[in-house]
Amino acid sequence: MPAKRKLAVPDHIQIRLVQVEFLRPGPPHNQLLSPLTQYLAISGDAGAGVVTVPYEHATFERRLRELRYETGDPGDRQAMLHATGVEMGRILGAVPGLPGALATDPNRPGTLIHLRLTLSASELALLPFEIAKAPISPTSTAESCLSIQSRPPVCVTRNIRTVSPEGVVWPEHPRVLFVAGHPDTVPYAEHREVLLEAIRPFQRPGGDDLASSESGAREQFGGLLTILIDPTLTDVFRECRDGGYTHVHILTHGDVSDTSQDAYGLVLRGEDDAPEVVSGERFASALTSIGSVVIHRPTVVTVASCDSGNVGTVIIPGASFAHALHQAGVPLVVASQFPLSKEGFVPLAATLYEGLLWGEHPLVLLQQVRAELHARYTSTWHDWASLVVYEALPYGLNEQLESLRYVQGKRAIDAALEQSDLAIRDAASPTKETFTALGSALERAVDRLPTEGQFAIESVGLRASASKRLAERAFTLGSEARENRLDAVACLELLERARLDYERAVRALFVNGPGAIQRVVSLHWVLVQAESLGLVLGHPSAEGRWAAAKLSADLYLDHAMTEQRAWAVASLAELWLIRLGDPDLPPAEGRDFSERVVQHARELQRLCVGGDQFPGMSTRRQFERYVSWWGSPRFEAALGTRGIQRGATWRGESGIVETAKRVVSLLEWREEPGGAPFPPPPAIARSAVSRRTTAPAVHLGPPHRSAAARFVTIEMLEAGHGDCLWIEYGDGRTTHRWLNDCGTQQTARELLRRVDQVPENERRLELFVMTHIDSDHIGGALPFFRAVKNGLTFGDVWFNGWRHLSGRLGARQGEMFSTAIQDFELPWNAWREGRAIVIDSDQLPVCVLPGGMTLTLLSPTPGQLKKLAPVWAREMKRYGLQPGSRVDYSRLLKGHTSASTDIEALADTPFAGDGGAPNGTSIGLLAEYAGMSALFGADAHAPVLVASIRKLLGQRGVERLRLDAFKVSHHGSQNNVTAELIQLLDCRRYLISTNGEHFSHPDRQAIARILKYGGAGVELYFNFRSKHNEIWARPDLQEKYGYRAHYPGADRKGTIVSLGG
């Protein structure tokens, strides 16, 4: 554990505030930009001045459209940025005293300048001051842009006069809410991973593990993070009413409101499931929780949405979405005034949330984000200029951040130790790598602790405690490991480091330094820890130190708080145990001291029953160390290598070890008369929870297959509202496997478990088919590629990337998947020599997999691929996004949800068709093996499948295609299942893969068409039981229409269908 921090500490950076306010008479709205309008500008003590803008409103709006990528030549955009930056700099240069205030102070070279612009007029909020050149005078500027220059760095923020920093309290216990739009339309997976990475250091096993709602639309990670997927505004309101969130991250599209002229809002799912544009005022109301005692609103809101900082219109009251949130009282709002690229939003979220949760200064983080965006994306985008920040940060923020760093550092240390406890307990043979990983996690946490100010001494104590606990793990691993065995002497070095840190804390308590005085740590606790390690490591003790610790503990016995009295009693128990280490102690006094230890332990137990039990649990762990660690023969032997010999006082009936055993036994977990049970340490309790038996992730096919029996099994894994199909075939001696799609991102976990169930020498997929670019099919693919690192190989990967559509990469998820294929050097469309997987001739393409399974391609056609390109371009233009944006075509897929059970009427409902271009690119396949066959429809359009099947029937000279199973297209959407399609099939088993989320699949119209036109004895197989499909379990319907419905059992996940049986 390093004693010196490695990271630059944000609160060590001096921040100098420079404020500027622009005023004009009249209301904030209903005023256009004009060179004739005069504004009063005030900065510091320099006096007021008059400032004008160089634009007519219409002229500036044309320029704004170019900055928003709507018009103009991209090659000229940098020149436009430069010209606009000069004009913004001249406006700032006209403010009396401002150019000098922004200059470098030679006496304070490490200072960050905070330029706060207070803008009351709506039309001024249109101006992109963030791209201003450094001002010199009203007529001249420097070449560098103010917000990205390095000498001195300047963080530009905006402020509303009515939002005051007074009373703002920075939260000590961050609780993040992530509000995400539909995963098909936003980079949900990337942002989710960023937030999970940010909370990972603080996650405690058991308490902060993932808990998902039944629908999958809400995920919760303890008190750290909650995720709402495609929620309505009502969902957000209810979550904030009950959650008390401190940070809110929003990821969705921005759009012009239908009710307010040219005003921008955020697109959420409406109550009728149609897209709804929500204004900043309405969203602020949803975020605000009004209780009987307090009014709560988040401290930080980050908006990953284009135009969230765009004013839109100045004609009506109100400004941008971000402005409205800030005006509602949110102290820090981060948004974008121009479209921000999807690539830019990810590092923004990563840098901000990692730093904010550790207690770094938000202004420093924002400056780091802007610098990163400028360095990485300037060639294509001006993301750095898009970033706009509204803030009202408290004046004493540095002190509040010190407290947050201390609390979060302590939590991260505890989380790392609890994780290591589980790793050691669950590992059959713990190794040095386990210890190294723990050391790295502890080092990261300790590096974040404040080293100066009011928490400095507490932080030294925490560092010492972490070293001691790391030493304990080193000793444990050294005794249990079979390989990479750790030398027990290594733990002595860590213990010595811990002792020295405790000594530093003791000295700091007795001798005040120039900084602020500590306020939490108690003298008796620090002295007891120092004395304890001195005894363990053989250092002589001064009588005065023991007496000072006892005096401090005795004084705390009268403390008003029970918890503090409990800690004092715990210190007294250990102090009398330490006295047993005196080599000259007479036996009678030894027995007396031993009894005093036990008496204090009983008093501690009494104080803990019915109250805070942590002092008792912590004391029990400490006394266990005397028994199983410091009093062990192996530890004593390690001391011997340093010439330290233990006295007899450690042994014997009243010795240290036996007395400690009595305390451990006394503080065992058991029911107290009339009281609550005394629980075990959290790590033990959570371990017990983690070992509960759970149903396996997947359920394999028949347990035994004869050597001669040929088989095909289709396993529909739990894939959310998507598809993930694991297919096995063979002859009993050899099993071949291939995979069709990867479901949503959450599916990856189940899929990786499925791979782990395959013997290591058989971990090969003959084929991996990614049918099309939809998040419910491709979402789990990238996490699944971790299996490649664990030895999984592929015979071929079929995937039509964007380059197969237009000759260039583009779709975000598709591009990432394509890049992963290349990075892992996997075969890509090798069957077609790298070309697109399409039906490009009159003959349906046929591929024979190893082992003899035949695949016939039924979809897509080249025309289907071509249809996707213009849809993508149109959507990119609409939202002002770069190539790589996902298309929000969900409104084209929504059918009419019916409550009817009239099969005849439902089956004959007019067919509307699927208008989604991405679905049309689905790879649809007919798989045949040893007389068994299955049709995998993906999300293919019904007319395409019909045309291919008719062609195949003509080639084979039959009227209907015999199938053992049909994986129904698009999860049973009425827009992808037609009567004509079903009538072409001779099939009994129909497989539907979906949990019904997002689109309420399967549609009753689709099931009705299967039942009416599928012939007698239809069997429906579902991989979830949901409110959308449980109607088909009704016995009366099954009897009336002659079908059977199959669902997973309560203790099972997913569904397996064995063909041929």
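Please count how many residues of segment 177-191 are over 10 Å from HIS249 (Cβ atoms) and either assigned to a strand (DSSP E or B) or not hydrophobic (A, V, I, L, M, F, W, C) (or both). Number satisfying all stated conditions: 8. Within the option set ASP986, ASP964, being in contact with a strand residue (DSSP E or B) (Cβ under 6 Å, 6 or more places away or on another chain), closer than 25 Å to SER1058 by Cβ and without any contact (Cβ under 8 Å) to a residue 40 or more places away in the chain holds for one residue only, ASP986.
Can you say whether LEU991 is within 22 Å of THR856 (Cα to Cα), surrounded by fewer than 24 Cβ atoms within 10 Å (Cβ to Cβ) and at pLDDT 90 or above, as far as the supplied structure shows? Against the criterion (within 22 Å of THR856 (Cα to Cα), surrounded by fewer than 24 Cβ atoms within 10 Å (Cβ to Cβ) and at pLDDT 90 or above), LEU991 does not qualify. Going by the conditions given, is SER632 loosely packed, with under 15 Cβ neighbours inside 10 Å and either of a type outside the set (Lys, Arg) or modelled with pLDDT of 90 or more (or both)? Against the criterion (loosely packed, with under 15 Cβ neighbours inside 10 Å and either of a type outside the set (Lys, Arg) or modelled with pLDDT of 90 or more (or both)), SER632 does not qualify. Here GLY544 fulfils each of the conditions (1) modelled with pLDDT of 85 or more; (2) surrounded by 16 or more Cβ atoms within 10 Å (Cβ to Cβ); (3) more than 24 Å from GLU624 (Cβ to Cβ) apart from (2). Kindly establish whether ASP592 is without any contact (Cβ under 8 Å) to a residue 24 or more places away in the chain, closer than 28 Å to GLU636 by Cα and not in a helix (DSSP H, G or I). No. For GLN622, the conditions (1) of a type in the set (S, T, N, Q); (2) farther than 27 Å from ALA547 by Cβ; (3) surrounded by 15 or more Cβ atoms within 10 Å (Cβ to Cβ); (4) at pLDDT 90 or above are fulfilled apart from (2).
Does segment 63-70 include one or more residues that are touching a Phe, Trp or Tyr at 6+ places or on another chain (Cβ under 7 Å), buried (at least 17 other Cβ atoms within 10 Å of the Cβ), part of a loop (DSSP other than H, G, I, E, B) and not assigned by TED's automatic domain parsing to the domain that holds GLN337? Yes, there is a match, as at least one residue in segment 63-70 is touching a Phe, Trp or Tyr at 6+ places or on another chain (Cβ under 7 Å), buried (at least 17 other Cβ atoms within 10 Å of the Cβ), part of a loop (DSSP other than H, G, I, E, B) and not assigned by TED's automatic domain parsing to the domain that holds GLN337. If you filter segment 967-980 down to residues that are crowded, with 24+ Cβ neighbours inside 10 Å and modelled with pLDDT of 90 or more, you find that the one that is farthest from LYS1012 (Cα to Cα) is LYS967.
Of all residues in segment 218-231, those satisfying the criterion of being under 21 Å from ASP273 (Cβ atoms) and buried (at least 17 other Cβ atoms within 10 Å of the Cβ) are GLU219, ILE227, LEU228, ILE229, ASP230, PRO231.
Residues in segment 627-662 that are of a type in the set (S, T, N, Q) and farther than 14 Å from ARG579 by Cα were compared, and the one that is nearest to the chain's Cα centre (by Cα) is SER628.
Filter segment 597-619 down to the residues that are modelled with pLDDT under 85 and polar (S, T, N, Q) and list them by number. GLN613 - this is the single residue of segment 597-619 that is modelled with pLDDT under 85 and polar (S, T, N, Q). Filtering segment 938-970 to residues that are farther than 14 Å from GLU980 by Cα, in contact with a Ser or Thr (Cβ under 6 Å, 6 or more places away or on another chain) and of a type outside the set (D, E, K, R) leaves ALA938, ALA940, LEU963. Quick check on segment 244-251. Is at least one of its residues at pLDDT below 90, surrounded by fewer than 19 Cβ atoms within 10 Å (Cβ to Cβ), outside any strand (DSSP E or B) and assigned by TED's automatic domain parsing to the domain that holds ASP208? Yes, the conditions are met somewhere in segment 244-251.
Evaluate the following for GLU472: is it modelled with pLDDT under 75 and over 24 Å from GLU402 (Cα atoms)?
On the way: modelled with pLDDT under 75: no; over 24 Å from GLU402 (Cα atoms): yes.
The answer is no for GLU472.
Would it be correct to say that THR104 is farther than 20 Å from TYR390 by Cβ and within 34 Å of the chain's Cα centre (by Cα)? Judged against the criteria, THR104 is not a match.
Restricted to segment 546-573, and to residues there that are free of Cβ contacts under 8 Å to residues at least 24 places away in the same chain and of a type in the set (Gly, Ala, Ser), the residue that is nearest to GLN613 (Cα to Cα) is ALA560. Among the residues making up segment 690-725, those that are more than 16 Å from HIS971 (Cα to Cα) and modelled with pLDDT of 50 or more are ALA709, ARG710, PHE711, VAL712, THR713.
In segment 192-210, of all residues being assigned to a helix (DSSP H, G or I) and touching a strand residue (DSSP E or B) at 6+ places or on another chain (Cβ under 6 Å), the one that is farthest from LEU352 (Cα to Cα) corresponds to ILE199.
The values are calculated or read from the model by the stated rules, or taken from the named source; none is laboratory data. Since we're looking at a predicted model, the values are computed, not measured. Positions of Cβ are generated from backbone atoms using ideal geometry, with glycine treated the same way; all protein chains shown enter the neighbour counts.
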